[in-house]
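Okay, so here's the structure we're looking at.
The values are calculated or read from the model by the stated rules, or taken from the named source; none is laboratory data. Everything numeric here is computed off the predicted structure, so don't read it as measured data. Quick reminder, even Gly has a Cβ in these numbers, built from the backbone with ideal geometry, and neighbours come from all protein chains shown.
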Amino acid sequence: MARSVSKGPFVDGYLLRKAETVRNSGRNEIIRIWSRRSTILPQFVGLTFGVHNGQKHIPVNVTEDMIGHKFGEFAPTRTFHGHSGDKKAVRAKTTA
């Protein structure tokens, strides 16, 4: 179920403070965050966030198209190596 419109988007408070300090400093540095559940706001456009995926920080450059989405959507937590029983894909790779 989606979040209530009357509550507004969820963003961790420390995230807003970090983004504001980086924007005021003028430097283009990566802001390391662990809050995958936070919503991307218009204030974050143009900044680079290092979103933690459980193992390392994935750099995410925020654009206007990302507003309203969550940070976790842009840092996948699982690596897909293919299906274990898919012999056709292996055969196609070796013959090509």
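Going through the range 39-53 one residue at a time, which ones are under 19 Å from residue 67 (Cβ atoms) and touching a residue at least 24 places away in the same chain (Cβ under 8 Å)?
If the condition is that a residue be under 19 Å from residue 67 (Cβ atoms) and touching a residue at least 24 places away in the same chain (Cβ under 8 Å), then 39, 40, 41, 42, 43, 44, 47, 51 are the ones that fit.
Counting only residues that are acidic (Asp, Glu) and touching a strand residue (DSSP E or B) at 6+ places or on another chain (Cβ under 9 Å), how many does the range 1-30 have?
Within the range 1-30, residues that are acidic (Asp, Glu) and touching a strand residue (DSSP E or B) at 6+ places or on another chain (Cβ under 9 Å) number 2.
Of the numbered conditions (1) more than 10 Å from the chain's Cα centre (by Cα); (2) closer than 29 Å to residue 79 by Cβ; (3) in a loop (DSSP other than H, G, I, E, B), residue 32 satisfies every one except a single condition; which is it?
(3)
So which of 27, 23, 36 ends up being surrounded by 10 or more Cβ atoms within 10 Å (Cβ to Cβ), more than 17 Å from residue 69 (Cβ to Cβ) and either charged (D, E, K, R) or in contact (Cβ under 8 Å) with a residue 40 or more places away in the chain (or both)?
From the options 27, 23, 36, the qualifying one is 23.
Anything in the range 10-28 that is in a loop (DSSP other than H, G, I, E, B) and either polar (S, T, N, Q) or within 16 Å of the chain's Cα centre (by Cα) (or both)? List them, or say none.
Answer for the range 10-28, where residues must be in a loop (DSSP other than H, G, I, E, B) and either polar (S, T, N, Q) or within 16 Å of the chain's Cα centre (by Cα) (or both): 10, 11, 12, 28.
Is there a residue being in contact with a Lys or Arg (Cβ under 9 Å, 6 or more places away or on another chain), polar (S, T, N, Q) and outside any helix (DSSP H, G or I) anywhere in the range 41-61?
yes
For the range 65-73, does any single residue satisfy the condition of being farther than 20 Å from residue 3 by Cβ, part of a loop (DSSP other than H, G, I, E, B) and either modelled with pLDDT of 95 or more or in contact with a strand residue (DSSP E or B) (Cβ under 7 Å, 6 or more places away or on another chain) (or both)?
No, the conditions are met nowhere in the range 65-73.
Take the conditions surrounded by 11 or more Cβ atoms within 10 Å (Cβ to Cβ), of a type outside the set (Lys, Arg) and in contact with a helix residue (DSSP H, G or I) (Cβ under 8 Å, 6 or more places away or on another chain) and apply them to residue 11. Does it pass?
no
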